[in-house]
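**Q** This is the structure I have questions about; it appears just below.
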């Protein structure tokens, strides 16, 4: 088996376990819900086939839905985030010249650009997830506050994970 497949299988398992066993049981101040399992999608190679990207996003979200008893909410949010990913990469970085199989990480993009990339996609994911969860505009200000706070907190945890376990610039 190729090294890239093994690396991504291990990432998937570890991020899902972290999400399901630790982060799904956290609800800080009633507003902050960290979702870092989406780092799996963020870290996939930049040149991945679009259909495979959407399939992996669906399976990742569905796995979280299965363990969190949320009927398709994470799957829908993760698929929409994955759908937006190529456009975000292209619009933010104007042809960053990724090598075949290279992932968008701090080593390639730098800290600030990776943070921007991650935060935009986290914000897309959280917006879809929280609006599907509440399925109403009655408490729109509370929902927007929750989206913003959770996106900042999730991005913070994602950046810690990336700094600890991601590739470094040489």
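The values are calculated or read from the model by the stated rules, or taken from the named source; none is laboratory data. These numbers were taken from a predicted model, which means no experiment stands behind them. We place every Cβ from the backbone using ideal geometry, glycine too, and count neighbours over all the protein chains shown.
**Q** Which residue pairs have Cβ atoms under 6 Å apart, sit 6 or more places apart or on different chains, and have a first residue in the stretch 44-70 that is under 15 Å from residue 11 (Cβ atoms) and a second that is outside any helix (DSSP H, G or I)?
**A** 45/101; 45/103; 64/37
**Q** Provide a single number: the residues in the stretch 28-54 that are surrounded by 12 or more Cβ atoms within 10 Å (Cβ to Cβ) and under 20 Å from residue 145 (Cα atoms).
**A** Final tally of qualifying residues: 6.
**Q** Here is a further query. Can residue 87 be described as more than 21 Å from residue 147 (Cα to Cα), touching a residue at least 60 places away in the same chain (Cβ under 8 Å) and within 17 Å of the chain's Cα centre (by Cα)?
**A** no
**Q** Scanning the stretch 85-101 for residues that are closer than 21 Å to residue 36 by Cα and surrounded by 15 or more Cβ atoms within 10 Å (Cβ to Cβ), which turns out modelled with the highest pLDDT?
**A** Among those that are closer than 21 Å to residue 36 by Cα and surrounded by 15 or more Cβ atoms within 10 Å (Cβ to Cβ), it is 85.
**Q** Can you confirm whether residue 101 is in contact (Cβ under 8 Å) with a residue 40 or more places away in the chain and farther than 21 Å from residue 51 by Cα?
**A** no
**Q** Same structure again: So, in the stretch 130-153, how many residues would count as being over 26 Å from residue 94 (Cα atoms) and within 12 Å of the chain's Cα centre (by Cα)? Don't jump to the end; show me each part of the working.
**A** So the first thing to find is which residues in the stretch 130-153 are over 26 Å from residue 94 (Cα atoms), and the list is 130-150, 153.
From what's left, within 12 Å of the chain's Cα centre (by Cα): none.
Qualifying residue count, the stretch 130-153: 0.
**Q** While we're on this one: Of (1) in a helix (DSSP H, G or I); (2) over 29 Å from residue 139 (Cβ atoms); (3) touching a helix residue (DSSP H, G or I) at 6+ places or on another chain (Cβ under 9 Å); (4) modelled with pLDDT under 95, residue 6 satisfies all except one. Which?
**A** Against the list (1) in a helix (DSSP H, G or I); (2) over 29 Å from residue 139 (Cβ atoms); (3) touching a helix residue (DSSP H, G or I) at 6+ places or on another chain (Cβ under 9 Å); (4) modelled with pLDDT under 95, residue 6 comes up short only on (3).
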